[in-house]
Amino acid sequence: GESVGLHLPTLSVQEGDNSIINCAYSNSASDYFIWYKQESGKGPQFIIDIRSNMDKRQGQRVTVLLNKTVKHLSLQIAATQPGDSAVYFCAGQGGYKLSFGAGTTVTVRA
Amino acid sequence: NAGVTQTPKFRILKIGQSMTLQCTQDMNHNYMYWYRQDPGMGLKLIYYSVGAGITDKGEVPNGYNVSRSTTEDFPLRLELAAPSQTSVYFCASSLTLRGSSGNTIYFGEGSWLTVV
């Protein structure tokens, strides 16, 4: 199976700064990874994904980096805004199942 | 766009009671999932379905049952509620099973269940 974990349970960021959220996975067979954002009282929302044949993918203000050598991925949020305050989950897929990490709570300071 | 709709949003159950969490999606997705999320934890897969009439167990299926009589609906049944089933439940759906860019798993808003 897959074990996915986040490095820090909480992250406090100054508004306007860049945020980096880290995640490690255990299954070398995982070939697809997703970052989700979960706001209070809501379900997870897709942010960005990356396949294992890539090491970087960019979206709008977000970048995901994948390092397969050390089984690590990160989510970078540029110019963090108050609306970015949420819990962020990484998920890895090997086979049919997505395995989720425990989440990092990001708090944006004004 | 409705997406994935779950009901009820909140429910308190007594130990031993039964209930069904309803889930419906209007995106014509083949794949549907039920996850539970305990405080401070990631989501754990309870059951999933690859199409009408086909269901399979996930990581934590004990104490739950599902059915998939139509493409749209995927109800989750708790037969004898236990305090350990106090959690937030999320229904989700996707077009295909294998992840790929553009094949997003869409989640419902969640159902908060407390068993006392």
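The values are calculated or read from the model by the stated rules, or taken from the named source; none is laboratory data. Remember, it's a predicted structure, so these values are computed and weren't measured experimentally. When we count neighbours, we look across all protein chains shown, and the Cβ atoms used for this are built from the backbone with ideal geometry, even at glycine. Ligands, DNA and RNA are stripped out before the accessible areas are found, and what is left, the full protein with its side chains, is counted by its heavy atoms. Shrake-Rupley method; radii C 1.70, N 1.55, O 1.52, S 1.80 Å.
Here's the yes/no breakdown for (1) open to solvent by 50 Å² or more (accessible area, probe 1.4 Å); (2) modelled with pLDDT of 95 or more; (3) closer than 19 Å to residue A:44 by Cβ:
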{"residue": "B:23", "(1), (2), (3)": "no, yes, yes"}
{"residue": "B:27", "(1), (2), (3)": "yes, no, yes"}
{"residue": "B:37", "(1), (2), (3)": "no, no, yes"}
{"residue": "B:66", "(1), (2), (3)": "no, yes, no"}
{"residue": "B:72", "(1), (2), (3)": "yes, yes, no"}
{"residue": "B:84", "(1), (2), (3)": "yes, yes, no"}
{"residue": "B:100", "(1), (2), (3)": "no, no, yes"}
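Considering (1) among the charged types (D, E, K, R); (2) under 28 Å from residue B:7 (Cα atoms); (3) not in a loop (DSSP other than H, G, I, E, B), the lone condition that residue A:49 does not fulfil carries the number (2).
So which of B:49, B:93 is part of a strand (DSSP E or B), of a type in the set (S, T, N, Q), in contact (Cβ under 8 Å) with a residue 60 or more places away in the chain and open to solvent by less than 50 Å² (accessible area, probe 1.4 Å)? Give the derivation first.
On the way: B:49 fails: in contact (Cβ under 8 Å) with a residue 60 or more places away in the chain.
Being part of a strand (DSSP E or B), of a type in the set (S, T, N, Q), in contact (Cβ under 8 Å) with a residue 60 or more places away in the chain and open to solvent by less than 50 Å² (accessible area, probe 1.4 Å) holds for just one of B:49, B:93, which is B:93.
Would the stretch A:42-64 turn up any residue that is within 14 Å of another protein chain (Cβ to nearest Cβ), among the charged types (D, E, K, R) and closer than 22 Å to residue B:38 by Cβ? Checked against the condition, which is being within 14 Å of another protein chain (Cβ to nearest Cβ), among the charged types (D, E, K, R) and closer than 22 Å to residue B:38 by Cβ, the stretch A:42-64 yields at least one hit. Can you confirm whether the stretch B:44-66 contains a residue that is basic (Lys, Arg), within 23 Å of residue B:15 (Cα to Cα) and more than 9 Å from chain A (Cβ to nearest Cβ)? No. Against the numbered list (1) surrounded by fewer than 18 Cβ atoms within 10 Å (Cβ to Cβ); (2) more than 14 Å from chain B (Cβ to nearest Cβ), residue A:26 comes up short only at (2).
Is it true that residue B:86 is more than 20 Å from residue A:101 (Cβ to Cβ) and touching a Leu at 6+ places or on another chain (Cβ under 9 Å)?
Details: more than 20 Å from residue A:101 (Cβ to Cβ): yes; touching a Leu at 6+ places or on another chain (Cβ under 9 Å): yes.
Yes.
Restricting to the stretch A:74-110, name every residue that is touching a Phe, Trp or Tyr at 6+ places or on another chain (Cβ under 7 Å) and more than 14 Å from every other protein chain (Cβ to nearest Cβ).
So the first thing to find is which residues in the stretch A:74-110 are touching a Phe, Trp or Tyr at 6+ places or on another chain (Cβ under 7 Å), and the list is A:75, A:88-93, A:100-101, A:103-104, A:106.
Listed by number, the residues that qualify are A:75, A:106.
Scan the stretch B:34-77 for residues that are under 24 Å from residue B:17 (Cβ atoms) and polar (S, T, N, Q) and the total you get is 6.
Is it the case, given these coordinates, that residue B:80 is open to solvent by 20 Å² or more (accessible area, probe 1.4 Å) and of a type in the set (A, V, I, L, M, F, W, C)? Give the steps one after another, and end with the answer.
On the way: open to solvent by 20 Å² or more (accessible area, probe 1.4 Å): yes; of a type in the set (A, V, I, L, M, F, W, C): yes.
The answer is yes for residue B:80.
Taking (1) part of a loop (DSSP other than H, G, I, E, B); (2) touching a Pro at 6+ places or on another chain (Cβ under 8 Å) in turn, residue B:62 satisfies each apart from (2).
Scanning the stretch B:53-76 for residues that are in contact (Cβ under 8 Å) with a residue 24 or more places away in the chain and within 21 Å of residue B:29 (Cα to Cα) yields a total of 9.
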